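The structure appears below as structure tokens.
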Amino acid sequence: MRVRKAVIPAAGLGTRVLPATKAIPKEMLPLADKPTIQYVIEEAVNSGVEHIIIVTSRTKRAIEDHFDESPELAAALAKKGDQRKLDMLRRIEEMAQISFTRQPAPRGLGHAILMARDLVGDEPFGVLLGDDLVVNDERPCLRQLMDVHERDGGCVIAALDVPREQTRLYGVFDLEPGPGPDPRTHRVRDLVEKPAPDAAPSNLAVIGRYVLTPDIFAALERTAPGAGGEIQLTDGIRTLIGTEPIFAHEFTGTRYDTGDPVSYLTTSLAFALRRPDLAPGVKAFLRSLPPLDETELD
Ligand code: UTP
């Protein structure tokens, strides 16, 4: 079945990047000069999604304002005759059909997805987490998962090949033996949360892109709070294993993390270097830096 909708959960507290996120939503922190959530919405739109549902919470109003019309700003730009920036504003405001729903308290990613139940209805939908950005200018990551779902049905989760010593940082796929429906798509037997390298069933890690069937909602309602007292999306998906196909799809593209200060900074730098208008200045600055003295790094 065709995927028309996508959910972006954005109701987390963002504690790893405090104090930046005390009053500003994590999703509004810019990478180069654009809020993170705008890249995520662009990925959904470029994947063919028609309706985007953002799950927010208190202190997240800036997300709604960003995608709303801004008459004062538009008037000021019109007075200055800055048509380029006026066009940019219009592109943001007309990017997609966006609905907002609230999660009353941060009870976990699974609980956030449940909040979108009525807006999604009885159809498959994409999920994009703003902590993960995937760059693929030809075929966005979500589009790749949508193609698998539209061909094979079931739930499809983006899989990243990680070095074995990093399995502790991720949910890791336990795969069915034997070939999957195509060389990059594998049937999932189980999901293991943050396994030690010697206990990890594979090197393929879950990242924040999914296509889920509406069956996930009933599964999440039955899911008891797990790690940290939160309703985990992974636990909900695990209860679907055996009742419908769950696929891990090794997407093509470059994945960037933004959820902690170091990854946020390095991702911001990488995104600035991808921009023809910003890259020369950033490169000049990097070239001007004295060579790093290893002893100073300790
Ligand atoms: P994270 O755990 O990575 O984000 O959740 P967080 O909770 O905001 O950040 P830290 O760990 O405190 O630094 C992954 C995604 O799920 C959303 C978050 O907004 C993030 O996009 N989320 C998480 C919710 O919407 N609600 C929740 O209750 C938890």
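Throughout, read-outs are computed from the coordinates displayed, never taken from laboratory work. Because the structure is predicted, anything quoted here is derived from the model rather than measured. So basically every Cβ, Gly included, is an ideal-geometry build from the backbone, and we count neighbours across all protein chains shown.
Below, the figures for the structure above:
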item	result
Any hit, the range 31-47, residues being part of a loop (DSSP other than H, G, I, E, B) and among the hydroxyl-bearing types (Ser, Thr, Tyr)	yes
Selection count, the range 80-110, where residues are farther than 17 Å from ILE63 by Cβ, more than 16 Å from the ligand (Cβ to nearest atom) and either among the aliphatic types (A, V, I, L, M) or surrounded by 13 or more Cβ atoms within 10 Å (Cβ to Cβ) (or both)	4
Yes/no for LEU119 being of a type in the set (A, V, I, L, M), buried (at least 20 other Cβ atoms within 10 Å of the Cβ) and under 23 Å from THR101 (Cα atoms)	no
Residue within the range 61-79 that is under 17 Å from the mean Cα position of the chain (by Cα) and within 15 Å of the ligand (Cβ to nearest atom) present	yes
Search result, residues across the range 259-292 that are hydroxyl-bearing (Ser, Thr, Tyr) and farther than 20 Å from ALA10 by Cα	THR266, SER288
Enumeration of residues in the range 55-69 that are within 14 Å of MET95 (Cβ to Cβ) and either assigned to a loop (DSSP other than H, G, I, E, B) or in contact with a Pro (Cβ under 8 Å, 6 or more places away or on another chain) (or both)	ILE63, HIS66, PHE67, ASP68, GLU69
Tally, over the range 114-144, of residues that are of a type in the set (Val, Ile, Thr), within 16 Å of the ligand (Cβ to nearest atom) and over 18 Å from MET1 (Cβ atoms)	1
Yes/no for LYS85 being in contact with a helix residue (DSSP H, G or I) (Cβ under 6 Å, 6 or more places away or on another chain), free of Cβ contacts under 8 Å to residues at least 12 places away in the same chain and outside any loop (DSSP other than H, G, I, E, B)	yes
Selected residue (criterion: farthest from the chain's Cα centre (by Cα)) from residues of the range 1-16 that are aliphatic (A, V, I, L, M) and within 6 Å of the ligand (Cβ to nearest atom)	LEU13
The range 17-27, residues that are within 8 Å of the ligand (Cβ to nearest atom) and among the β-branched types (Val, Ile, Thr)	VAL17, THR21
Filter pass, LEU142 being buried (at least 22 other Cβ atoms within 10 Å of the Cβ), assigned to a helix (DSSP H, G or I) and not hydroxyl-bearing (Ser, Thr, Tyr)	yes
